[in-house]
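Scroll down for the structure; my scribbles are underneath it.
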Amino acid sequence: MSFNSLGLSDALLKAISKKGYSTPSPIQQKAIPPILEGKDVLASAQTGTGKTAGFTLPILQLLSQGQHLSRRPIRALILTPTRELAAQILANIKEYSAFLDLRSTVIFGGVNQNPQVTQLRQGVDILVATPGRLIDLQNQGLISLAKVEILVLDEADRMLDMGFVRDIERIIKVLPSKRQNLMFSATFSKDIKKLAMGILHNPVHVEATPENTTVDAIIQKVYPVAKEKKTELIIKLITEGNWKQILVFTRTKQGANKLTESMISAGIKAAAIHGNKGQGARTKALAGFKDGSLTALVATDIAARGLDIPLLPHVVNFELPNIPEDYVHRIGRTGRAGASGEAISLFSPDETVFLRDIEKLVGLKLPVENIKGFEPDPNASKEPIKQGQGRQQRDSTPRKPKTDTTNRSSNNSFGPRRPSQNNDRRSNR
Ligand code: AMP
């Protein structure tokens, strides 16, 4: 199938070809036609499947065909959980709309609102936003959503996990009731389905990869290792393997900082990216990682959402995630858009329960390889280390005020999903 056959306009085809895409990805093939028909769409697609173009291209087409109003009210609103993802989506929109007369901008928290307000005053057709900043500006009377024709909820599962459900509900209340709704999510819990039912009307369901399965192009390996030897092992893997670009996941912000320091001491160019880092530091770290001046980016799950790093060769779980769905998100950072990649998990005995949960979710027994000299003590406890014990100390940093739009890993107030488990498990990232 070609992009031509999807019914996209010449201006969009020109932009797609400039981007170097030759064939639409499966999610694009499935999502673009019903969106162009004006239908609501519920899409199951993880990062790396080309989902952004899957909703952006048809939206651009619909808006460019629609009536041009001289004051340019916001006609498409795209909600995303993180700043990085919001910025990434805007960058894509700008590229795809290069040959169209459409204006777009992004708003998110953690930065001065004035430049964002100036942009909004000049009129924009498409707004990408994180929920908190959007509500902030709306409360100040600086934004009108009365003319929104299309609403996109991107990474809806993560928005729920980050506690944005009330914000989403508030935003929906101020939108016109007649509109097209598109929801993208990597995983489909009961909560997501419930949220979808409240927002979408007779949605067309599309799926890129089956729910909670991992991409075949990714080689997955588990290295059993004594907990205290993980740092030494990862440094050995990077230096001896001569790895050039590696994304490493830790469970906590302190864990990310500590590992980054050890890597730097070992001569590896590394930076940490997590919720306690300011926007400037996050942007700088990501840019350094993309341009190759940094070898390793050490991230927590929430901070890593929305990072678009094409063709990432290595992802390492320094610690296994305690939320099994996060494993799927993490390793989705490699093997992107058809390229192959390697996802390695350093697994210590106290993570036995996490590994079991992950294997249950993905329906695979992950291949195990032992590395001589790093094997854990066969008698080591398999009990998870509780928070407040051992190295995983609870974060003592004060919580950010409610108006900060990002990295709110707090209560998910939506429905009864895994009641205390998720909130406890996520409390430190
Ligand atoms: P996404 O899942 O939207 O984050 O996209 C993942 C990556 O795939 C991005 O780097 C896109 O630029 C790239 N991409 C999107 N669509 C295509 C396509 N049809 N062909 C090749 N690469 C694509």
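Details
- Answer from Pro81, Pro58, Pro73 - the residue that is in the same structural domain as Arg170 (by TED's automatic domain parsing), away from the ligand (no atom under 12 Å from the Cβ) and without any contact (Cβ under 8 Å) to a residue 60 or more places away in the chain: Pro58
- Qualifying position, being within 13 Å of the ligand (Cβ to nearest atom) and within 23 Å of Leu175 (Cβ to Cβ), among Ala53, Ala91, Ala43: Ala43
- Screening Thr82 with (1) of a type outside the set (A, V, I, L, M, F, W, C); (2) over 20 Å from Arg133 (Cβ atoms); (3) modelled with pLDDT under 95 gives one miss only, at (2).
- Residue within the stretch 168-177 that is in a helix (DSSP H, G or I) and within 20 Å of the chain's Cα centre (by Cα) present: yes
- Taking the stretch 228-239 as the range and being within 18 Å of Val315 (Cβ to Cβ) and out of contact with any Leu (no Cβ under 8 Å at 6 or more places or on another chain) as the test, the residues that pass are Ile235, Lys236, Leu237, Ile238, Thr239.
- Residue identified as touching a residue at least 40 places away in the same chain (Cβ under 8 Å), farther than 30 Å from Ala266 by Cα and buried (at least 18 other Cβ atoms within 10 Å of the Cβ) among Asp161, Asp167: Asp161
- Hey, Phe289 within 30 Å of Ser381 (Cβ to Cβ) and touching a strand residue (DSSP E or B) at 6+ places or on another chain (Cβ under 8 Å) or not: no
- Residues being in contact (Cβ under 8 Å) with a residue 60 or more places away in the chain, within 15 Å of Asn92 (Cα to Cα) and more than 10 Å from the ligand (Cβ to nearest atom) - total across the stretch 12-40: 4
- Checking each residue in the stretch 27-80 for being of a type in the set (Val, Ile, Thr) and part of a helix (DSSP H, G or I) picks out Ile27, Ile32, Ile35, Thr52, Thr56, Ile59.
- Number of residues in the stretch 1-24 that are touching a Phe, Trp or Tyr at 6+ places or on another chain (Cβ under 6 Å) and surrounded by fewer than 16 Cβ atoms within 10 Å (Cβ to Cβ): the value is 1.
The values are calculated or read from the model by the stated rules, or taken from the named source; none is laboratory data. Fair warning: this is a prediction, and the values are worked out from it, not measured in the lab. Cβ: placed from backbone, ideal geometry, glycine included. Neighbour counts: every protein chain shown.
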